[in-house]
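Step one of this worksheet: look at the structure below.
The values are calculated or read from the model by the stated rules, or taken from the named source; none is laboratory data. For clarity, every value in this text was computed on a predicted model and none was experimentally measured. Note that we place each Cβ from the backbone using ideal geometry, even for glycine, and neighbour counts take in every protein chain shown. In case anyone asks, the SASA skips ligands and DNA or RNA and just uses the protein heavy atoms, side chains included. Shrake-Rupley method; radii C 1.70, N 1.55, O 1.52, S 1.80 Å.
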Amino acid sequence: MADPNRGRGRGLALLQALKKTQMIETPPSSDDPSPEATPGPSVVPSVVSSDAGTVTTIGGRGRIAALMLSKMQQKPGDIPFVPATDVSPSQQSAPRGAGRGIKLLQTLQATKSAEKAKADVRQVTKKMAESTISSTIQSSSVAKNKYFREVKETPPVVMKGETGTPLDCTANYIYLNFEENNVYEYEVKYEPDQDYKHLRFKLLNEHNHYFKEKTFDGSTLYVPHMLPDEATHLVSTNPYDNTKVQISIIFRRTRRLSEMIHIYNVLFKHIMKDLQLVRFGRQHFNEHAAIQIPQYKLEVWPGYVTAVDEYEGGLMLTLDSTHRVLRTQSVLSFIRETVQQEGANWKKALSERLIGCSVMTTYNKKLFRVDSIDDTMTPRSTFEKNEKGEMVKISYIDYYKKNYGIDIEDWDQPMLISRDTKHMPGSEAPTDFMICLVPELCQLTGLTDDQRSNFRLMKDVATYTRITPNQRHAAFKKFIQNVLANETAKQRLSGWGLSIAKETINITARTLPPEPLYFGNNVKIPGKPNADWNGDVTRNGVMQAIDMINWALLFTDRDKQITTDFVEVLKRSCRPMGINVHNPEMVRLPNDRTDTYVAALKKVISNQLQLVVAICPTSRDDRYAAIKKICCADNPIPSQVINARTIMNQQKVRSVTQKILLQINCKLGGTLWNIAIPYKTAMVIGIDSYHDVGRKRRSVCSFVASYNQTMTHWYSKAVFQEQGQEIVDSLKSCLVDALKHYLRTNGKFPDRIIIYRDGVGDGQLKQIQQYEIPQMQICFTTMDATYKPTLTYVVVQKRINTRIFMKVSGGFENPHPGTVVDHAVTRRDWYDFLIVSQKVNQGTVTPTHYVVIHDDSGMTPDQCQRLTYKMCHLYYNWPGTVRVPAPCQYAHKLAYLVGQSIHQQPSEVLADKLFFL
């Protein structure tokens, strides 16, 4: 056999040298090749390509060495790129004095530097990816959607203001005291694997004596103590086919109790069950304390909403009382009623009234949404059911008799269909389910539109649902007493080392000073504690009046007298407000059909006309939508639609007409009042969205921005959102248009932009902070490369469970408008505050939650809170403060009008007016 060391020469020596250089870690500074080592354009083409190490023109031993090296460098899974065979590289000879080996080394150094550059690019790309939203799929044995919150070692975010009068309050938060304990996390595996979640629970519960206190989600088990060795390998019996199932419980890690927030929430879910409450969604109701309203066939179930979280003041339970209105009528009797009323047209009428409604099954108290009605199916129909491993056909009649002991009386009733989509274990794609419900065993929930429009019914229901602060606080006390008196619930808490405080939290809030208002003729009205100026708005002149000189009034024959009276009252009411009203062009319509109104509008609208007022005999959505579509999109003109019934009552006609006149003044571009705004060149923006869930239409995103110093003139845009489209794409175009309008009006850009964003949940806060705000900031540079205004971005949350009660002698009351809470019950990791900005006459007031997710303006918490409260004074449709800042309320009105009635973008002609009020 030949000597392996002979006959190899330069190629072998070169490979050995290369191996050595690869093994030695080269310092970063030496990665950059020196200028002399980089091959010029006239040199032999690269031997080793940086991407795949393909060989081009070198032959002999050098070629073999290069090939072997390329094989060593190629990563597993790399796609080798081979040069196209029809393109042969130019055969240039290497300059003399630089042999093939040296040339190969030089090329390798160039390759290394290229790879370093690639690594740098990869690092930059990774950083960029971190700043956007990426949906990375983690492959682990932990169940999907598992949410672990690591314990917070960082201190809470404390941003407190100081102005205002201190006020002793309490809130619906209850301290949870816990002994810092360990939680042991285990992974539970089944052999054979079990797909159905409820079966996994059943199999594990056979061995309950090992873990009296546990939290289990189907794959991860948490217990407050270490399990004995015999509990880690268990055998259970499948109740459906009597087969044996091996259960392996594998220890994963020890965690601290304080970081396992979701365990507390699961714990309180079980406590609600111990207190015999029925669960609907995330709320729990007491069916035994149901209040009957027999005259309307209704019953009201009182209940609770709970959530445990770590707040600025520590670990607390949020507890609020809630109500669910149920109809005592079964769906079957409702179907029979509809058939009697509608006759042959019953199917269409029934689908309109039932589809989309929620029904409750009386046998297991679960809620289902009705998606369709199948009259080809009856309780006699059969379905397949798994019994002891075999598929058996069974009718609905037999199924309910066997499982629930219920005899279905009507065997010919149609069936209700509810569709659901679930992710089944072991399958990535969601599985569609069709649930068939028997109308006889379903109870209707909620109120119909007819019931909602019945004033007396709503008033009677409100006496039970709108409870006073004292009643609400008494409900919290009752809940705490029930938990402390229930042995099972107490043991559940103590098993995890927890105890619940006997009282709600005490906090010191602050009430901001009332804001003075300015009307026309330099009239200043001092601020009032109840933040209501209903009388002042009609007695004083408006800040900026627009005279109604050229306007048209549409009415039908039957409303002729009402219309004449309305014009007379309008002309009398306008004088104190400083508005001049001329006689309108009266357009009499032969009937109240929608197309009659449409034809008359098209005929009467001209360039000279300022305004169209249409008086309709009844309230009809289709007619209103048709009028608004013409006046807001097709032939843009400010418009006012009045229901004749609202101006019929002679006692109320004056106050109603005054409100209509103020609304018309705003629609024409006038302003009613203003307040002192501390900033000279600031733009305040309100953003909201409208989702039509029932009709599955596109969502509407509305954007309203101020364009004058006093923040009384607003520029608005509404854009449609396709399903899955990023909302920021629309917002960027709106922001650019608003800035251009501000520039046209004021001759310069605003130096401060404050955005109030409504319609954002807690889960989207990080997304907005990391993705949406940087995109907004890019917009500024597109206007002008040097334009860098300060940006404050505040998320407005209305649907919250927080309640604040002011302590008074003898109980509790709603706090005054302007009450601020910015500590203890605020978020631990966000700069946020709560403001009660509105006065309520019935029930308990709900504060509004503001989360400042970005602020580079240097505003103090005091300034931010004061500005937010000031903004609640500028909504011109209400002579008082509103629950959210005015731009948010305007954006809500615009989104609702476009989503509900117009269904297309409003005309740019009306963009600088409040045409949507």
Overall Cα dimensions of region 815-894 - principal axes, largest extent first, Å: 34, 27, 19
Let me know the whole percent of all Cα-Cα pairs from region 638-704 that are separated by more than 14 Å. 76 percent
Region 627-786: antiparallel bridges as % of DSSP beta bridges, rounded to 5, reads 70 percent
Each residue of region 752-759 in turn: what ³J(HN,Hα) in whole Hz from Karplus with 6.51, -1.76, 1.60 and θ = phi - 60°, glycine and Pro shown as x? 9, 10, 10, 10, 10, 10, 9, x
Once the Cα gyration tensor of region 399-479 is diagonalised, semi-axes √(5λ) in Å: 36, 23, 17
Full-extension gain in nm, Asn386 to Leu484, via 0.36 nm per residue minus C-alpha separation: 31.0 nm
Quick check: residue separation of Asp595 and Ile549 times 0.36 nm, minus the Cα distance between them. What number comes out in nm? 13.8 nm
Expressed to two decimals, region 482-616 has a Cα Rg over Rh, using the Kirkwood radius, of 1.39
Hey, quick one: spin label on Asn521, modelled 7 Å out along Cα-Cβ, who in region 655-685 has an amide N within reach, i.e. under 14 Å? none
What full-extension length gain, to one decimal in nm, is calculated for Gln650 and Arg419 as 0.36 nm per residue of separation minus the Cα-Cα distance? 78.0 nm
Residues with amide H under 5 Å of Ser699's amide H, sequence separation 5 or more or different chain, H placed in the peptide plane at 1.01 Å from N; which? Gln721
What's the ranking of 833-842, 243-252, 812-821 by average number of surrounding C-beta atoms within 10 Å, highest first? 812-821, 833-842, 243-252
Here, region 314-368 modelled as identical Cα point scatterers in vacuum has Debye log10 I(q)/I(0) at q = 0.20 Å⁻¹ of -0.84
With 10 Å bins from zero, work out the P(r) of region 617-746 over every alpha carbon pair and list the percent per bin. 10, 27, 35, 22, 6, 0
Out of Ala552, Gly541, Tyr518, whose Cα points farthest toward the positive end of the dipole of region 510-642 (charges: +1 Lys, Arg; -1 Asp, Glu; placed on Cβ)? Tyr518
Pop out the carbon and sulfur fraction of the accessible area of region 545-668 as a percent, whole number, probe 1.4 Å. 47 percent
Please state the shape class of region 276-466: rounded when a/c is under 1.5, otherwise prolate if a/b exceeds b/c and oblate if not, all from the C-alpha gyration tensor. oblate
Tell me, what HN-Hα J-couplings in whole Hz come from the Karplus equation 6.51 cos²θ - 1.76 cosθ + 1.60 at θ = phi - 60° for each residue of region 307-323, using x for Gly and Pro? 7, 9, 7, 9, 9, 4, x, x, 7, 9, 9, 8, 10, 9, 8, 9, 9
Under 13 Å from the 7 Å Cα→Cβ point of Asp241, by amide nitrogen: which residues of region 177-217? 192-196
Relative contact order %, region 545-668, counting alpha carbon pairs below 8 Å whose residues are six or more apart: 32 percent
In whole Hz, what ³J(HN,Hα) sequence does region 879-886 give by Karplus (6.51, -1.76, 1.60; θ = phi - 60°), x for Gly and Pro? x, x, 7, 10, 6, 10, x, 3
First check a/c for region 265-370, with a ≥ b ≥ c the square roots of the eigenvalues of its C-alpha gyration tensor; if it is under 1.5, answer rounded, and if not, answer prolate when a/b is larger than b/c or oblate otherwise. prolate
Quick check on region 463-514: take the gyration tensor over C-alpha atoms, sort the square-rooted eigenvalues as a ≥ b ≥ c, and tell me if it's rounded (a/c under 1.5), prolate or oblate. oblate
Here is the link list: Lys459/Lys560; Lys459/Lys913; Lys297/Lys347; Lys422/Lys478; Lys680/Lys717; Lys490/Lys807. Which ones come out longer than 26 Å on Cα distance? Lys459/Lys560; Lys459/Lys913; Lys422/Lys478; Lys490/Lys807
Around Gly446, which amide H atoms from residues at least 5 apart in sequence, or from another chain, sit under 5 Å from its own amide H, with H modelled in the peptide plane? Val325, Leu326, Arg327
With a sphere of radius 14 Å drawn around the Cβ of Leu267, what net charge do the other residues whose Cβ falls strictly inside it have (Lys, Arg +1; Asp, Glu -1)? +2
Output the Kirkwood hydrodynamic radius of region 545-668, Cα pairs only, in Å rounded to one decimal. 14.6 Å
Can you give the Rg to Rh ratio of region 437-546, both from alpha-carbon atoms, with Rh computed by the Kirkwood formula? 1.21
Leaving ligands and nucleic acids out of the surface, order His262, His209 by accessible area at 1.4 Å, largest first. His209, His262
